[in-house]
1. Only one of these is open to solvent by 50 Å² or more (accessible area, probe 1.4 Å) and either touching a Phe, Trp or Tyr at 6+ places or on another chain (Cβ under 6 Å) or outside any loop (DSSP other than H, G, I, E, B) (or both): Gln44, Gln82. Name it.
2. Out of everything in segment 388-402 that is assigned to a loop (DSSP other than H, G, I, E, B) and β-branched (Val, Ile, Thr), what residue ends up being nearest to Asp58 (Cα to Cα)?
3. Does any residue in segment 262-286 that is over 18 Å from Met138 (Cβ atoms) come within less than 8 Å, Cβ to Cβ, of a residue that is among the polar types (S, T, N, Q) and in a loop (DSSP other than H, G, I, E, B) six or more places away or on a different chain, and which pairs are these?
4. Within segment 372-384, does at least one residue satisfy the condition of being in a helix (DSSP H, G or I), buried (at least 21 other Cβ atoms within 10 Å of the Cβ), touching a Lys or Arg at 6+ places or on another chain (Cβ under 9 Å) and not β-branched (Val, Ile, Thr)?
5. Do any helices (runs of 4 or more DSSP H) entirely within segment 131-226 hold 3 or more residues that are within 20 Å of Glu259 (Cα to Cα), and if so, which?
6. Which of the residues belonging to segment 3-39 are over 19 Å from Leu411 (Cβ atoms), under 26 Å from the mean Cα position of the chain (by Cα) and buried (at least 19 other Cβ atoms within 10 Å of the Cβ)?
7. Any idea which of Met434, Met366 is touching a helix residue (DSSP H, G or I) at 6+ places or on another chain (Cβ under 6 Å), closer than 25 Å to Leu67 by Cα and in contact (Cβ under 8 Å) with a residue 40 or more places away in the chain?
8. Filter segment 301-339 down to residues that are open to solvent by 30 Å² or more (accessible area, probe 1.4 Å) and not in a loop (DSSP other than H, G, I, E, B) and give me whichever is nearest to Glu104 (Cα to Cα).
Amino acid sequence: MLAEPGNAAAHAWRERDLNVLWHPCTQMREHPHTLPLLPIASGQGPWLIGHDGRRWLDAISSWWTNLFGHAEPRIAAAIAAQARTLEHVILAGVSHPPAVELAERLLAIAPRQAGRAPLAKVFYADNGSAGVEVALKMAFHWFRNRGEDGRTKFVALENGYHGETLGALAVGDVPLYRRVYAPLLIESLFAPSPDAYACEPGQSPAERARQAAQALRELLERHAGQVCAMILEPRVQCAGGMRMHDPEYLRLAREICDEHGVFLIADEIAVGFGRTGTMFASEQAGVMPDLLCLSKGLTGGALPLAAVLATQSIYDGFLDDSRERAFLHSHSYTGNPLACAAALASLSIFEQDDVIQRNRATSARMAELAAPLGDHAHVADLRQAGMIVAFELTRGGDKRTPFDPAARIGLRAYRAALERGVLLRPLGDILYWMPPYCIDEDALQLLARTTREAIDSAIAEADA
């Protein structure tokens, strides 16, 4: 059992919390004993700071949102300045500078593809799941406006994840999140994942991608005229275990969707804004989606905001004298000025600090520090995409002998890491690094050392 960290103030906050809060993605019965809460008083750079001054390295960027560290002064200043001018206003029939300026800048840096008209319009939402809902509804409604009422299905990837709202869950395939709500969900079609971890002996990731793409082509052929859009996470299926695939799949998926007149939706909510080595993961395949979903790092992790970028053709498909043919989806805080100001500051940091180039150096160092763990007896796979590194833990160090889920190796490793000053929240028995971009050498070395110690501690505890 993890010793509860903190002093009297931390204990008091923990008790108050459990009296009133219901936490996300948590079996609350595990609190307070199996999984004690971590009361945080403040954050600074890549560090979370407790009420007693203890620090934990935020190795998962606070659910993959934080890009430049906590309390980043340039983002904080932008939010404060905007709060003194305009904190919020309805965006239906109203405009304000931060929303316009952010849309202009997002469209300027969005993925492009030779021979395709660029993404041209931005629709705002509140969070990643809401952004996915927007994209799904846009795709279906566009075809309905054209009189193609039969295009009611979506294609998604096995093991994919796109959020927790019902529409997003319907195109997700992680059983832990989907299974209980299955009776409420629209029926989607699932294509085999190009996951490189599933390669057959002697098969390369690119060959695996081509094999999965052929299965996608056959799926769309069987459902010709029924599908309005395909949605996928380019390069990394994050909540599905940080499973990674070759960019070849995205290139072929773009071709196949075009062949069948199907929109391609790129869910870059987690992988956008430099996470995989380029500003957007789609760039690595040289393709542009018809709809691009962004959130998480969009504001540098400071405030909730999502943006869905669409082509001019999709936008034009809703222009009509009839309000029923308009896209009437709305959120109260759509285009919130404070969130837009944070996002503008975040984009400026990319330019001022040459973030993408710096990330390449950091990711190379992450690869060096992670490499020895690839030889660990219980690491079946070590994989990396830019600033994301994942470790697949199994009993025998190969794919064939996973741990008994009841052993909860990932949870044990999480607790061991917390004791050593690192927040390393697992995905089942998969540990991963996705730190803020400001992480330095000392913190990286702590992360590598702690990961090994946490794995060893978890195995020893489970075997005791």
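1. Working: Gln82 fails: open to solvent by 50 Å² or more (accessible area, probe 1.4 Å).
Being open to solvent by 50 Å² or more (accessible area, probe 1.4 Å) and either touching a Phe, Trp or Tyr at 6+ places or on another chain (Cβ under 6 Å) or outside any loop (DSSP other than H, G, I, E, B) (or both) holds for just one of Gln44, Gln82, which is Gln44.
2. Step one: filter segment 388-402 for residues assigned to a loop (DSSP other than H, G, I, E, B), giving 394-402.
Imposing the further condition that a residue be β-branched (Val, Ile, Thr) reduces the set to 394, 401.
Numbers: Thr394: 25, Thr401: 30 Å.
Checked segment 388-402; the qualifying residue nearest to Asp58 (Cα to Cα) is Thr394.
3. From residues that are over 18 Å from Met138 (Cβ atoms), the pairs are Gln284/Thr276; Gln284/Thr278; Gly286/Gln113.
4. Residues of segment 372-384 that are in a helix (DSSP H, G or I), as a first pass: 372-375.
Narrowing the set further to residues that are buried (at least 21 other Cβ atoms within 10 Å of the Cβ) leaves none.
Checked segment 372-384: no residue is in a helix (DSSP H, G or I), buried (at least 21 other Cβ atoms within 10 Å of the Cβ), touching a Lys or Arg at 6+ places or on another chain (Cβ under 9 Å) and not β-branched (Val, Ile, Thr).
5. Values: elements: 166-170, 175-178, 205-222.
Answer list for segment 131-226: 205-222.
6. Answer for segment 3-39, where residues must be over 19 Å from Leu411 (Cβ atoms), under 26 Å from the mean Cα position of the chain (by Cα) and buried (at least 19 other Cβ atoms within 10 Å of the Cβ): just Pro39.
7. Details: Met366 fails: touching a helix residue (DSSP H, G or I) at 6+ places or on another chain (Cβ under 6 Å).
The match here is Met434.
8. Per the stated criteria, the residue is Gln312.
The values are calculated or read from the model by the stated rules, or taken from the named source; none is laboratory data. These numbers were taken from a predicted model, which means no experiment stands behind them. All Cβ positions, even for glycine, are placed from backbone atoms using ideal geometry, and neighbour counts span all protein chains on display. Calculation scope for accessible area: heavy atoms of the full protein, side chains included, ligands and nucleic acids excluded. Shrake-Rupley method; radii C 1.70, N 1.55, O 1.52, S 1.80 Å.
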